[in-house]
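Report on one structure; see the data block that follows.
The values are calculated or read from the model by the stated rules, or taken from the named source; none is laboratory data. Predicted, not measured: the structure shown is a model, and the values here were computed from it. No Cβ is skipped: glycine too gets one built from the backbone with ideal geometry, and neighbour counts run over all protein chains shown. For the accessible areas, the whole protein counts, side chains as well, though only heavy atoms, and no ligand, DNA or RNA atoms are used. Shrake-Rupley method; radii C 1.70, N 1.55, O 1.52, S 1.80 Å.
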Amino acid sequence: MLVGILTLLSAHTNAIDPIRFSISTSAEEVSVNEEFEIKIKADLLNIPANTVYVFETARAFRLKVIFPDGFQQTGGSYHDFIEGELSGSKPTAFYTLRGKFVSAERAGVFQLLRSHKSANSASDFIEVDRLSFGMSEGVQEGSSNARIALAGKISYVPYLSMAELRSITDTATTVFITDPARAGIFKHNPSSTKADDGALTIVASGKRYERVFSGPVNVEWFGVVGDGATDHTATLQKMLDRADISSIYFPKPAVSYRIKNLNMRSNKTLTLEEGTVVEGFGTLGLEERMIMMYNVQNVSIKGNNVVFKDQKAKYTSGEQRHIFIMLGVKNVTIEGIAANNSGGDGFYIGSSPTQKFSENVKLINISADNNRRQGLSIISGKNIEVISPVFSNTNGTAPSAGIDIEPNYPDEFLEGIRITNPITKNNIGAGIVILIDDFKGTNRVVDIAITNHIDDGSFYGAYISRATGAITGTITFQNPIWKNNKANGFCASNYSSSACAVQINDPTVIDCNNAGSTHALFGSAMLVYREASAIGDANIGNVHIVRPKVYDTRSVKKMVSAFAFEDVSKKGTVKNCSLIDPAVLEGLDALKYVHMAVVDNFALSDRHEKLTFDIAQANRLLTYGFFKKVFHNATSTGLRTISLNGLPPNYPAITFEVRTGQILRLIPLINDTILPISATKGKYIQSNVVGSKITLRKIATNTWQVDGMVGTWTVQP
């Protein structure tokens, strides 16, 4: 019985290995139980020393042979995990393996495996060559005189430089190109018509060899090197323009990749190795951007600790030289990227003439530092997610914010804007700015939710302004922390009471008013106001502050008040606002927690009794800056008076409680009445009956109204 000819199969892979291994035999025919010899050879190849190898210390190795069923080793120099190391003085190693087949097997292979020099049975090995065999047809199995026919020939893959391949005629269908940074396997493709680009296609003697690879295209294959000097704009733009290149990889450069500006195309993925730097030349024109995305879709730019930066110092005017701009885009993700030192914004999301919004944009773990105008501008978008960004040190031209959310035209959109865990710090403007006046009187619905915002040291923590008419929708801040701000932690300026509701849930303000203003408005933690010269809607407001915490931890206190509400222009009132259950008010003057001027439809609750005040041993005079929801006399030791001075109509209701058996006297102005209990102008009311309380509300210029009364209250005789 004969078994078919044993054929050596090439097992070359895409792995780069400086050693070529082979397994072969010179035996042509052996009997079952007849010994024969197998030869193993290792040849050191002429590959540049700076080629990246599969194995650490790749010129050293350990070998293992997997035997087919029915074969037993009987001798030879080879044994499992045999080790060797090749060098210029020792470029070849030989091993022999003697053995025999003890049975006639239908088919099988000898597999030659290699690993690193310290490998053991638990290490990873890769196959580098093999011998295989099978039964010959027409021969009966199991014959006692069975013989095995053996033959083998090594297949050849030449290792050449590109220049060598182009200069010779080679019959090989596969070559390994050894050029530094461009090394790899190329295979002849007779049907190809692609031009020689020296990266993916090589033309030699009329034959086209195409690179064998999976995954992204490495920019180094095209000669792009990060030497910190060479301008690779043209080469990279050609790569982006090619339809056959969808994914591009940037290895970490020695210094940085230098570019001027690039236009992204649809269906592209850029992956940058951790620590990569891409640097501009500081030569952008007034309307040029480093990375332009215009009406493109399905774009991904990802890295970790990757920096794109320009040279801001060279731009002393203008504000449009952004690092990344997205205009009318769809399905764009940018992750792990910093955009620094621009002559405009780090990131900009907006519209194009044909697509009035960008849609499904995700910015994940991005950052922007020391940009001229903004860290991030959101101008027009639907379903925009910004997750865990950091925006810092914006300075140069207004508004110099960390994030600016601001449509340019009434036909743009702010829908599904979700910003989660943003950090803003040390911006000359606000941490976050929201300006939506262009939507007044339109059918646009604003939907903005900002969660866990932390600002440290910007002018404002958050600033909302310029809404001078009716706008539909909601703006929500959840769990913000605003600290060390030069002015207010939060400020709503000239914001119409008919604009979309601003909901601020569980905010914390710490050590704001670093500028040291002594004004009750500008020295407050949270401010809703209209400046004296501003025009706009009839009333301002629609800001709702829920469960706030305010701290002044400095040895020299600078906060004048916790909350301030006033229309300084006197154009109208502060309307439709809420202050719900302040949770912490520490380090402030208890007489000045809340400053309110003319307010209307003001919702107020104080579950934690932070706005409850014991008048103790002093007589008190109510003013705009001395609002409390409840006054009482729990620790008073004698008669105490509270003068109900000229508070405006619709001022929030105030409750007065008798908690000790001393007289608590409420004195209106000489022309004021307290209805219905005291219809005579200027008459005070009083009580010393513990448990008595009365709630008063100013309903007209000279009229207080009793909204509720418990116990005994008497009128001045």
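For the structure I just gave you, tell me whether LEU604 is in contact (Cβ under 8 Å) with a residue 12 or more places away in the chain and open to solvent by less than 20 Å² (accessible area, probe 1.4 Å).
Working: in contact (Cβ under 8 Å) with a residue 12 or more places away in the chain: yes; open to solvent by less than 20 Å² (accessible area, probe 1.4 Å): no.
Against the criterion (in contact (Cβ under 8 Å) with a residue 12 or more places away in the chain and open to solvent by less than 20 Å² (accessible area, probe 1.4 Å)), LEU604 does not qualify.
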Test LEU604 against the criterion of being more than 21 Å from SER496 (Cα to Cα) and not charged (D, E, K, R), and give yes or no. no
I'd like to know if the stretch 5-14 contains one or more residues that are surrounded by 17 or more Cβ atoms within 10 Å (Cβ to Cβ), over 30 Å from PRO251 (Cβ atoms) and at pLDDT below 80. yes
Looking only at the stretch 634-652, which residues are open to solvent by 30 Å² or more (accessible area, probe 1.4 Å) and within 16 Å of ALA603 (Cα to Cα)? PRO649, ASN650
Mind checking which pairs have a first residue in the stretch 352-378 that is more than 12 Å from ALA339 (Cβ to Cβ) and at pLDDT below 95 and a second that is buried (at least 18 other Cβ atoms within 10 Å of the Cβ) and among the aliphatic types (A, V, I, L, M), Cβ under 6 Å, 6 or more apart or different chains? none
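Which of the residues that make up the stretch 570-586 are part of a strand (DSSP E or B) and closer than 16 Å to HIS544 by Cα?
Applying the first criterion (part of a strand (DSSP E or B)) to the stretch 570-586 yields 574-575, 578-580, 584-586.
Answer for the stretch 570-586, where residues must be part of a strand (DSSP E or B) and closer than 16 Å to HIS544 by Cα: VAL574, LYS575, SER578, LEU579, ILE580.
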Filter result (in contact with a helix residue (DSSP H, G or I) (Cβ under 9 Å, 6 or more places away or on another chain), open to solvent by 20 Å² or more (accessible area, probe 1.4 Å) and of a type in the set (Val, Ile, Thr)) within the stretch 165-219: VAL203
Within the stretch 371-398, can you find the residues that are assigned to a strand (DSSP E or B) and under 11 Å from ASP345 (Cα atoms)? GLN374, GLY375, LEU376, SER377, ILE378, PHE391
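Report yes if LEU521 is outside any loop (DSSP other than H, G, I, E, B) and more than 24 Å from ALA449 (Cα to Cα), otherwise no.
Details: outside any loop (DSSP other than H, G, I, E, B): no; more than 24 Å from ALA449 (Cα to Cα): yes.
Against the criterion (outside any loop (DSSP other than H, G, I, E, B) and more than 24 Å from ALA449 (Cα to Cα)), LEU521 does not qualify.
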Under 6 Å between Cβ atoms, which residue pairs at least 6 apart in sequence (or on different chains) link something in the stretch 544-566 that is within 22 Å of GLU609 (Cβ to Cβ) with a partner that is open to solvent by 10 Å² or more (accessible area, probe 1.4 Å) and basic (Lys, Arg)? SER561/LYS592
Can you name the number of the only condition in (1) closer than 25 Å to THR269 by Cβ; (2) surrounded by fewer than 24 Cβ atoms within 10 Å (Cβ to Cβ); (3) β-branched (Val, Ile, Thr) that THR397 fails? (1)
The stretch 184-267: strands (runs of 3 or more DSSP E) wholly inside it with 2 or more residues that are within 17 Å of GLU279 (Cα to Cα) and within 31 Å of the chain's Cα centre (by Cα) are 247-250
Filtered residues of the stretch 435-467 (kept if open to solvent by less than 30 Å² (accessible area, probe 1.4 Å) and either touching an Asp or Glu at 6+ places or on another chain (Cβ under 7 Å) or farther than 21 Å from TYR409 by Cβ (or both)): LEU435, ALA449, ILE450, HIS453, ASP455, GLY457, SER458, GLY461, ALA462, ALA467
Elements of type strands (runs of 3 or more DSSP E) in the stretch 636-717, at least 2 residues being more than 24 Å from LEU611 (Cβ to Cβ): 673-675
Residues that are β-branched (Val, Ile, Thr) and under 30 Å from ASN393 (Cα atoms), drawn from the stretch 469-478: THR474, ILE475, THR476
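Applying the selection to the stretch 491-518, what residues are part of a strand (DSSP E or B) and either farther than 28 Å from THR472 by Cα or of a type in the set (Val, Ile, Thr) (or both)? Show your work before the answer.
Restricting attention to the stretch 491-518, the residues satisfying the condition of being part of a strand (DSSP E or B) are 491-496, 501-505, 508-510.
If the condition is that a residue be part of a strand (DSSP E or B) and either farther than 28 Å from THR472 by Cα or of a type in the set (Val, Ile, Thr) (or both), then VAL502, ILE504, THR508, VAL509, ILE510 are the ones that fit.
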